[in-house]
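First comes the structure, then the notes that go with it.
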Amino acid sequence: MQETIKYLEEVKDLRQEKKVKHKMSDIIALVFFAMLANANEWVEIEIFGKEHNEFLQRYLELPNGIPSHDTIQRVFAMV
């Protein structure tokens with residue numbers, strides 16, 4: 001699991017650094033886990049993250065908690 005998370009950190013983050021509150025690798029991993037659990041919409045992914053926050057924090061940093069569905073959608077629009 002840690003190898004996969006480490007691999008995600010290699011994704012180049014093109015966002016404006018001063019506006020970033022959530023790590024791109026955390027967002028990508030959150031979406032990956034949520035989609036494995038059959039969450040298919042941005043709001044469902046946010047809800048999954050909030051419901052499984054304790055589990056996710058074992059593997060992800062999440063310095064500012066679970067990102068909103070709007071943040072997740074914006075990041076994936078860039079990817």
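The values are calculated or read from the model by the stated rules, or taken from the named source; none is laboratory data. No experiment lies behind these values; they were computed from the predicted model shown. Glycine gets a Cβ as well: all are built from the backbone with ideal geometry, and neighbour counts include every protein chain shown. Ligands, DNA and RNA are stripped out before the accessible areas are found, and what is left, the full protein with its side chains, is counted by its heavy atoms. Shrake-Rupley method; radii C 1.70, N 1.55, O 1.52, S 1.80 Å.
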(request) Of the listed values (i) 11.6, 33; (ii) 11.2, 31; (iii) 13.0, 46, grab the one calculated as Rg and Dmax of the Cα atoms in Å from the structure here. (result) (i)
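Run the accessible area of region 4-79 with a 1.4 Å probe and give the carbon-and-sulfur part as a rounded percent. Working shown, then result.
Details: 2650 of 5280 Å².
That share works out to 50 percent.
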(message) With a 1.4 Å probe and all protein chains left in place, how much accessible area per residue does the chain have, in Å²?
(response) 72
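For the ranges 29-39, 49-59, what's the packing order if you count other beta-carbon atoms within 10 Å of each residue, average per peptide, and put the highest first?
Numbers: 29-39: 16.5, 49-59: 13.7.
Final packing ranking: 29-39, 49-59.
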(request) Below 20 Å Cα-Cα, how many Lys pairs turn up in the chain? Only count pairs eight or more apart in sequence, or on different chains, if you could. (result) 6
(message) Charges at C-beta only: +1 for Lys and Arg, -1 for Asp and Glu. How large is the resulting dipole of the chain about its Cα centre, in Debye rounded to 20?
(response) 300
